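Q: Here it is: the structure, laid out below.
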Amino acid sequence: MQPKLRHPFDYYPVWWHHHGDKFCLDEEKTSFPDKRVILTASAATLTIEADGSDNWRINWTIVTYGKTSGSTTMTNRELLSAFTDTGKTADELSYWLISVYGGDYAAQGKCIRWKSFLNIPCPGTGHDGDPNVSILLDEDMAQAVVRLLSDRD
């Protein structure tokens with residue numbers, strides 16, 4: 001379901017921050033043997049790490065008006081659906097996110113994605129100061145998550 005766009009000529013959802021296009025895969029800090037993927041931008045960092053169980057810990061830090069950070073946990077399926085188009089829309093507790101905000105995939109308290117526009121852990125205002133992180137996904141990020149999941153013991 002297409003979300004409301006910010007302006008008539010913009011191509012990104014109203015809940016996504018336009019600085020999300022500054023993220024890239026940090027190849028120097030990403031370590032598949034250590035089960036860690038790191039995405040960086042000028043004012044934000046997102047880390048995906050194995051949490052010692054069958055889940056993944058997602059940590060983010062944003063430095064704009066001070067420093068904001070947060071974390072959430074995702075299953076293998078949630079992580080894959082957040083970073084790639086698996087065709088999965090949402091679990092039954094998260095359909096309301098798609099119906100209210102629009103998107104292709106949502107997991108309540110974890111993420112919302114429309115096309116390549118990802119917000120973790122939730123939709124935001126799309127303006128500075130939100131405690132969530134917006135990421136414009138690219139092929140390198142998607143491939144890193146797929147490799148992370150396939151290399152898991």
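The values are calculated or read from the model by the stated rules, or taken from the named source; none is laboratory data. Quick caveat, the model's predicted, so the values are computed rather than measured. Quick reminder, even Gly has a Cβ in these numbers, built from the backbone with ideal geometry, and neighbours come from all protein chains shown.
Q: Collect the residues in region 54-78 that are over 21 Å from Leu25 (Cβ atoms), of a type in the set (D, E, K, R) and outside any loop (DSSP other than H, G, I, E, B), keeping them in residue-number order.
A: Of everything in region 54-78, those that are over 21 Å from Leu25 (Cβ atoms), of a type in the set (D, E, K, R) and outside any loop (DSSP other than H, G, I, E, B) turn out to be Lys67, Arg77.
Q: Given the options Trp15, Trp56, name the one that is more than 24 Å from Gln143 (Cα to Cα), surrounded by 18 or more Cβ atoms within 10 Å (Cβ to Cβ) and modelled with pLDDT of 90 or more. Outline the logic, then answer.
A: Working: Trp56 fails: more than 24 Å from Gln143 (Cα to Cα).
Unique residue meeting the criteria: Trp15.
Q: Go through region 96-143 and count every residue that is in a loop (DSSP other than H, G, I, E, B) and over 11 Å from the mean Cα position of the chain (by Cα).
A: Our first condition is that a residue be in a loop (DSSP other than H, G, I, E, B); within region 96-143, this holds for 102-104, 108-110, 115-116, 121-132, 137-138.
Checking the rest, the ones that are also over 11 Å from the mean Cα position of the chain (by Cα) come to 102-104, 108-109, 115, 124-131, 138.
Number of matching residues: 15.
Q: Which of the following residues is surrounded by 14 or more Cβ atoms within 10 Å (Cβ to Cβ) and under 25 Å from Thr30 (Cα atoms): Ser81, Ser150? Full working, then the answer.
A: Numbers: Ser150 fails: surrounded by 14 or more Cβ atoms within 10 Å (Cβ to Cβ).
Exactly one of Ser81, Ser150 is surrounded by 14 or more Cβ atoms within 10 Å (Cβ to Cβ) and under 25 Å from Thr30 (Cα atoms), namely Ser81.
Q: Then there is this: Exactly one of (1) more than 23 Å from Tyr11 (Cβ to Cβ); (2) in contact with a strand residue (DSSP E or B) (Cβ under 8 Å, 6 or more places away or on another chain); (3) buried (at least 16 other Cβ atoms within 10 Å of the Cβ); (4) in contact (Cβ under 8 Å) with a residue 24 or more places away in the chain is unmet by Gly109. Its number?
A: (3)
Q: So, in region 81-95, of the ones that are under 15 Å from the mean Cα position of the chain (by Cα) and aliphatic (A, V, I, L, M), which residue ends up modelled with the lowest pLDDT?
A: Filtering region 81-95 for residues that are under 15 Å from the mean Cα position of the chain (by Cα) and aliphatic (A, V, I, L, M), the one modelled with the lowest pLDDT comes out as Ala90.
Q: So Asp85 ticks every box in (1) farther than 19 Å from Val146 by Cβ; (2) in a loop (DSSP other than H, G, I, E, B) but one. Which box is left unticked?
A: It is condition (1) that Asp85 fails.
Q: If you don't mind, there's one more thing I want to ask. Within region 84-103, how many residues are in contact (Cβ under 8 Å) with a residue 60 or more places away in the chain and surrounded by 14 or more Cβ atoms within 10 Å (Cβ to Cβ)?
A: Count: 5.
Q: Taking region 65-84, which residues are touching a helix residue (DSSP H, G or I) at 6+ places or on another chain (Cβ under 9 Å) and closer than 21 Å to His17 by Cα? Walk me through how you get there before you give the answer.
A: Filtering region 65-84 for residues touching a helix residue (DSSP H, G or I) at 6+ places or on another chain (Cβ under 9 Å) gives 74, 76, 79-80, 82-84.
Correct list: Leu79, Ala82, Phe83, Thr84.
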